[in-house]
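To start, the structure under review is shown below, and the notes come after it.
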Amino acid sequence: MSTRYDLHAHSTASDGTLSPAELMQHAHAAGVQVMALTDHDTLEGIPEAAATAESLGLGFVPGVEISVTWNGGTVHVVGLGVDPGHEEILQGLAGMRDFRNWRAQEIGNRLAKAGIAGMFERALALSNGRLVSRTHFARALVEAGYADSVRAVFKNYLVNGKPGFVPGQWAELATAVAWISGAGGQAVIAHPARYKMTRSKLRKLMGEFVDAGGVGLEVVSGSHSRDESFAMAAHARDLGLLASAGSDYHGPENPWVELGRLPELPAGCEPIWRDWAA
Ligand code: AMP
Ligand code: MN
Ligand code: MN
Ligand code: MN
């Protein structure tokens, strides 16, 4: 186990349940030494997280997790070390949040047609006027008694073929990588073993990612089994990608994922923090 680096986590600026400050306090208390904030499609939590981390003496990495449409599906690209004031990424992410707002209304309309009314308003209220995600819909449906877990809502309402599904129209892979690189960050493919892709599709994704300037692969993830981490470590070695590690923490409601409680990188990986200043 290692608690040193945790390079993937969410706050209330996207679909986490702890504020950016609370997330940093929690990371510090858990023994993390370097913590990233990687909210979905927004940099808005970064100033608060950075200030809190500094006051605690906790290492902080300003990050983001960008939604990407690739080959008809959604993949996530984490950016680490991005400048939160960089104009191009800020504008790009603002456009993605416009799509999220439109999609939220559309999800609400589709659920209403299926007999489940009022969910747009409830999801919006749960997002506190910040970024709205399917996670907020999932929490709203659980609160309204339509399912007994967030996981069950996704399965029965929010994925392809279900009443509240709206296809993503996210950033292109090369665009997301360019935003991250342009803002001085390192682009990393998030939780690569989570995508329902064949090995050859996954390698195609990784190849295009490298061609676009991507440098890292999330080898260790809160959502990877140990075998999946070893498989991803082999891809990283083959392609010369740096290895990242992150919990993908969303809050204490998911007790099976804890901040910083991650296995070590498999042998032979080059850590993405290799060249970071101490
Ligand atoms: P969105 O970016 O708004 O489409 O929402 C994606 C988010 O929903 C992911 O980052 C996860 O936090 C969450 N999510 C996706 N699939 C599931 C699932 N099957 N169970 C629980 N949460 C999920
Ligand atoms: Mn999420
Ligand atoms: Mn993700
Ligand atoms: Mn995530």
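Using Cα springs under 10 Å in a Gaussian network model of the chain, which residue among H26, H40, H250 shows the largest mean-square fluctuation?
For the chain, modelled as a Gaussian network with Cα springs under 10 Å, the answer is H26.
Using unit Cβ charges (K, R positive; D, E negative) and no other charged atoms, how large, in debye to the nearest 20, is the dipole of the stretch 22-172 about its Cα centre? Spell out each step's value before the answer.
Working: 12 positive and 16 negative charges, 190 e Å.
Here the size comes out at about 920 debye.
Where does helix 87-113 land angle-wise versus the long Cα axis of the chain, in degrees 0 to 90, nearest 10?
The two axes meet at around 30 degrees.
Averaged per residue, what accessible area in Å² does the stretch 70-119 show with a 1.4 Å probe, protein chains only?
I get 46 Å² per residue for the stretch 70-119.
Please list 3J(HN,Hα) in residue order for the stretch 153-158, calculated via the Karplus relation 6.51 cos²θ - 1.76 cosθ + 1.60 where θ = phi - 60°; whole Hz, with x for glycine and proline.
5, 4, 4, 9, 10, 10
How far, in degrees from 0 to 90, does helix 134-143 lean away from the longest principal axis of the Cα atoms of the chain, to the nearest 10?
50
Residues of the stretch 141-278: accessible area per residue at 1.4 Å, in Å²?
It amounts to 49 Å² per residue over the stretch 141-278.
Just grab the label-to-label distance for A144 and W102, each label 7 Å out from Cα along the Cβ direction, in nm (one decimal).
2.3
About the Cα centre of the chain, what is the dipole size in debye to 20, counting +1 per Lys and Arg Cβ and -1 per Asp and Glu Cβ, all else neutral?
Using Cβ point charges on Lys, Arg, Asp and Glu, the chain gives about 1100 debye.
Skipping prolines and chain starts, which residues have an amide H placed within reach, meaning under 5 Å, of the one on L262, given they are 5 or more residues away or on another chain?
S2
Go ahead and set up a Gaussian network model of the chain, Cα springs under 10 Å, then flag whichever of P266, P255, P47 fluctuates most.
P255
Output the 0 to 90 degree angle, nearest 10, between the alpha-carbon long axis of helix 20-29 and the longest principal axis computed from the alpha carbons of the chain.
50
Can you pull the percent of the chain's accessible area that's carbon plus sulfur, 1.4 Å probe, other chains left in place?
Percent of accessible area from carbon and sulfur atoms in the chain: 51.
Please report the spacing between the Cα centers of the stretch 217-278 and the stretch 55-102 in Å, no decimals.
What the calculation gives is 19 Å, centre to centre.
Restricting the count to DSSP beta bridges whose residues both fall in the stretch 1-145, what percent are antiparallel, rounded to a multiple of 5?
Of the beta bridges lying entirely in the stretch 1-145, close to 55 percent run antiparallel.
Considering only A190, A94, A36, give the residue with the highest GNM mean-square fluctuation for the chain, with springs between Cα atoms whenever their separation is below 10 Å.
A94
The values are calculated or read from the model by the stated rules, or taken from the named source; none is laboratory data. These numbers come from a predicted model, not from an experiment. As a convention, Cβ positions derive from the backbone with ideal geometry for all residues, glycine included, and neighbour counts pool all protein chains shown. Side chains are part of the model used for accessible areas, which takes the heavy atoms of the whole protein and leaves out ligands, DNA and RNA. Shrake-Rupley method; radii C 1.70, N 1.55, O 1.52, S 1.80 Å.
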